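Have a look at the structure below before the remarks.
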Amino acid sequence: GAEVLFSVDCTKLKDYFLPEKRDFDCIYFNFPHCGRKAGVVKNRELLAQFFHGSAEVLTEEGEIHVALCNGQGGTPADQPRREWHNSWQIVAVAAGAGFILSNVHPFKADTIHGYKCTGYRSQDKSFCVEGALNHIFTRSMPLPYFKPMICEIELESRKVSFQVPQVLVDKINRGFLELKSNHPVRTIKEKLTAELSQAFPLQNIDYCLSLLHQGHLNGVCHSNIFWIILSPEETPSTEEMSNGLANAVLFSHVDFCRDTDKNGWVNVQEGCHISKQYYLRPSLLPYAQAIIQRGAFLPGTLHVLSGPVFRKCLITPYSMPVFHEMVFVCAVNRGTENSCIQMLMNNIKTSIHSFHQTVPGFKVNINLQEATSFETTELNDFAAFESQLSKIQYFICMEIDTSGSCEKGFCVGIIRTAHYELVSSELVVVFASLNLDLLAMLICGISDWRMLWTSDTRFLRQFPRGELRLFKSFSLYPPSYVHDVSFWVPDGEQFDEVAFHTVARQVSGEMVVSIQLIDSFQQSETGRKSLCYRLTFQSCDKALSRQEVAGMQLLFRKEINQRLRVALR
């Protein structure tokens, strides 16, 4: 019942099939080759044209299977692995046509009925397929293009709208903690809440938390904050608005102005004198402290706050510009705070250990460590920022064992106590904070925080009905691309590295995974300082081509020149 076509050009598949016959679920290409002694470059070109041709006749959920001899693909699955430049670079070639490698397994010719391996140098002679691999590709979601976004909220009994920093456009109002969500972050929050409710009277107070906060944050560097500045002055022109919206992402301090539209919303835009400075909340602790100071709490009751928080930070594997924080607050009698901390910690431990039953292979060691035992350099980004906010007594640390060996410990939370004059002198307040996103990564084996925010449905499909499982990536061995940039720092100015990383996040759409300072030079005659950084681009869930990265790098050079006033070399 099969239809067989001969002399088909694999680079122009649509020319051989009528439109109604072009929707293939699978396309197989076993051991492609240009013929004769073609080099790796020509075979890469063949594969590139094949993938582009296949994209025109493959269904949205279809697969492309490409079998290659051992070493040709250039992925870590090849054993031994060839040097990258001497391979066919199949994942990078496929990315150029919008495909990602979703699976790879040994090619076993003897399991395919009727298959005969021939074609050795155009002879009726088989070639060696020992160690050959079958690479399975699927369509990637396209790289996103984010338009400027306005967020509308209630602020000080008024409706206001403000421009969302571009680097956060795809992360605002995602609803991961909402009732109908299956996201692992919500599952972990619900399991923690259920366990703690058995030990404490519990009250959720998430409903009253605004995205914007006002006031001074002790010890927090201003360059780590996403600032939103309101002013009641005149409205700027459309051109000024478009310029201003871009600037709002890049600078720690931005002037805005506002007007009221017909619906009563206050529009926040750039271009006028400062009236009030707000910032996207970097932590929920100030809200917890405000509740205590207002006396709006019940002693002995565990008050729970949760929601996304926002922080500018350097680009590292576990540094997140946005994550979901869960804060616990409880006022107890003086002298019983340590037993409260121990009870809180025991229930958090029990809740996290319960994931052993639902996540195969997940083993964890969770413990409380005194803050004084940590050096500043040992703290991850989450813990370091929390240390700026307030004095911490304890860090909640996790060690994960997924393959018989423990990974290094991660700080996933903090605990501190405080005395408030507005509270009875007999009471001490215990605060605890957990990073739910980091917990989800460690429990589900997710190695890249960006995967938590993917819009690809293949992510949430792995957690049906909110069940927690070890995550299996649907994009294997994604290609990475390296670019360097060097520049002169403006005279007499301290270089803002956080702003530099924030620009990289923005222009690449979070495709930069590493920024390393590889050289520093200072002219003895003038004192001018030059820096050279190496940027590594890589996507965790989408096809990313060399051409797309080259465009990002050019835009990055332009933006740092304009925003940070550096002189490119």
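The values are calculated or read from the model by the stated rules, or taken from the named source; none is laboratory data. Values in this document were obtained by computation on a predicted structure and should not be read as measured data. Every residue, glycine as well, gets a Cβ built from its backbone with ideal geometry; the counts of neighbours run over all protein chains shown. With ligands, DNA and RNA removed, areas are computed over all heavy atoms of the protein, side chains included. Shrake-Rupley method; radii C 1.70, N 1.55, O 1.52, S 1.80 Å.
General observations
- Measuring max minus min along each principal axis, the C-alpha atoms of region 473-569 give extents of 53, 22, 22 Å (largest first).
- Here region 13-139 exposes an accessible surface that is 49 percent carbon and sulfur, computed with a 1.4 Å probe and the other protein chains kept in place.
- Burial order of peptide ranges 62-71, 3-12, 76-85 (average beta-carbon count within 10 Å, highest first): 62-71, 76-85, 3-12
- Inter-probe distance in nm under a simple model that places probes 7 Å from Cα toward Cβ, at Thr316 and Val8: 5.1 nm
- Each of Cys34, Ala55, Gly1 was placed along the dipole of region 1-55 (beta-carbon charges, centred on the mean Cα), and the one lying farthest toward the positive end is Cys34.
- Sequentially through region 307-319, phi angles give Karplus couplings (6.51, -1.76, 1.60; θ = phi - 60°) of x, x, 10, 10, 8, 6, 8, 5, 7, 9, x, 10, 9 Hz, Gly and Pro residues having no value and appearing as x.
- Relative contact order (%) - region 481-568, alpha-carbon pairs under 8 angstrom, separation at least six: 42 percent
- Where labels lie 7 Å past Cα in the beta-carbon direction, separation of Arg557 and Asn134 in nm: 4.5 nm
- Scaled to the globular estimate 2.2 N^0.38 Å, the Cα spread of region 13-139, given as radius of gyration, is 1.05.
- Its relative contact order, with pairs defined as Cα atoms under 8 Å and 6+ residues apart, puts region 13-139 at 29 percent.
- His353/Leu202 FRET efficiency (R0 22 Å; Cβ-Cβ; nearest 0.05): 0.65
- One decimal place: the segment Val40-Lys529 gains 171.8 nm when fully extended, by the rule 0.36 nm per residue minus the C-alpha distance.
- Cross-link reach list, lysines versus Lys558, counting only Cα pairs under 29 Å and skipping chain neighbours closer than eight places: Lys147, Lys171, Lys312, Lys529, Lys542
- Set of lysines near Lys37 by C-alpha distance (under 20 Å), chain-local residues within fewer than 8 positions excluded: Lys125
- Highest average first, the peptides 153-161, 326-334, 479-487 ordered by how many other beta carbon atoms sit within 10 Å of their residues are 326-334, 479-487, 153-161.
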